[in-house]
Amino acid sequence: MNTDTLVGHFLIAMPSMSDPRFERTVIYMCAHSEAGALGLVVNRLAEDITFPDLMNQLGMDTPSPQDSITVHFGGPVEQSRGFVLHSADYLQDTTLVVSHDIGLTASMDVLTAIADGSGPRRKLLALGYAGWGPGQLETEIQANGWIHGPVDEDLLFSTDVNAKWQRSFDAIGLDPAMLSGDFGHA
């Protein structure tokens, strides 16, 4: 993997993040290149929609309760578009392999597979995504809006969304209360 890319890493909002859409968020980075970046917010639930609601809206069979998963706010871009971040035990032609452990699928087939119990072992469904144009994310990182860190699959797929931001800082050995908004500037 290119060491200049954040693909497969967490992007963690700094305590001084001023954009309310991203305050205290953890984003799993799915794509990052000179052309821009794309990630999914993994610690914020979508409001007013459940997996069965979504399946009904799409005209698909409603899953049984044990096959239901929560729906996340993946980011402010294209909020009507769905993505499933999942373990690599489920790979289709339409799956983007993000890392050797994680895939991203945005087709209806993955929703059907989840509903009928044949989907991935671990999964996170998100509506929308976080996107950056060329150089935009790098500028935000330099302005101390974000810090990045390694991904732990248990943390990524944890259902305790309220603890993910703090746990992400714990994983890199930092206390967010001790960080300054001016970090990195001389």
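Residues of the stretch 117-132 include none that is free of Cβ contacts under 8 Å to residues at least 40 places away in the same chain and either touching a Cys at 6+ places or on another chain (Cβ under 7 Å) or closer than 20 Å to THR5 by Cβ (or both). Consider the stretch 63-87 and keep the residues that are touching a Ser or Thr at 6+ places or on another chain (Cβ under 8 Å) and at pLDDT 90 or above. The one that is surrounded by the fewest Cβ atoms within 10 Å (Cβ to Cβ) is THR70. Inspect the stretch 35-58 for any residue being under 12 Å from the mean Cα position of the chain (by Cα) and more than 22 Å from ILE141 (Cα to Cα) and give the result as yes or no. For the stretch 35-58, residues under 12 Å from the mean Cα position of the chain (by Cα) and more than 22 Å from ILE141 (Cα to Cα): present.
ASN43 passes every criterion in (1) among the polar types (S, T, N, Q); (2) in contact with a helix residue (DSSP H, G or I) (Cβ under 7 Å, 6 or more places away or on another chain); (3) farther than 24 Å from ARG21 by Cα apart from (3). Determine whether the stretch 46-57 contains at least one residue that is in a strand (DSSP E or B), closer than 13 Å to TYR129 by Cα and in contact with a strand residue (DSSP E or B) (Cβ under 6 Å, 6 or more places away or on another chain). No. ASP170 meets the stated requirement of being at negative phi, surrounded by fewer than 16 Cβ atoms within 10 Å (Cβ to Cβ) and free of Cβ contacts under 8 Å to residues at least 12 places away in the same chain. ARG24 meets each of the listed conditions (1) in contact (Cβ under 8 Å) with a residue 24 or more places away in the chain; (2) of a type outside the set (A, V, I, L, M, F, W, C); (3) in a strand (DSSP E or B) apart from (3). Comparison of THR105, THR112 shows that the only residue that is under 27 Å from GLU34 (Cβ atoms) and among the hydroxyl-bearing types (Ser, Thr, Tyr) is THR105.
Filtered by the rule that a residue be surrounded by 18 or more Cβ atoms within 10 Å (Cβ to Cβ) and farther than 17 Å from GLY74 by Cα, the stretch 16-47 gives a lone residue, MET17. Within the option set ALA186, ALA163, ALA177, being at pLDDT 95 or above, out of contact with any Phe, Trp or Tyr (no Cβ under 8 Å at 6 or more places or on another chain), farther than 18 Å from PHE83 by Cα and of a type in the set (A, V, I, L, M, F, W, C) holds for one residue only, ALA163.
Residues considered: ASN144, ASN162. Of these, the only one that is out of contact with any Cys (no Cβ under 8 Å at 6 or more places or on another chain), at positive phi and not aliphatic (A, V, I, L, M) is ASN144. In summary, LEU156 fulfils each of the numbered conditions (1) farther than 23 Å from PHE83 by Cβ; (2) crowded, with 17+ Cβ neighbours inside 10 Å with the single exception of condition (1).
The values are calculated or read from the model by the stated rules, or taken from the named source; none is laboratory data. Please read all numbers here as calculations on a predicted model, not as lab measurements. In this analysis, Cβ positions are derived from the backbone assuming ideal geometry, glycine residues included, and neighbour counts consider all displayed protein chains.
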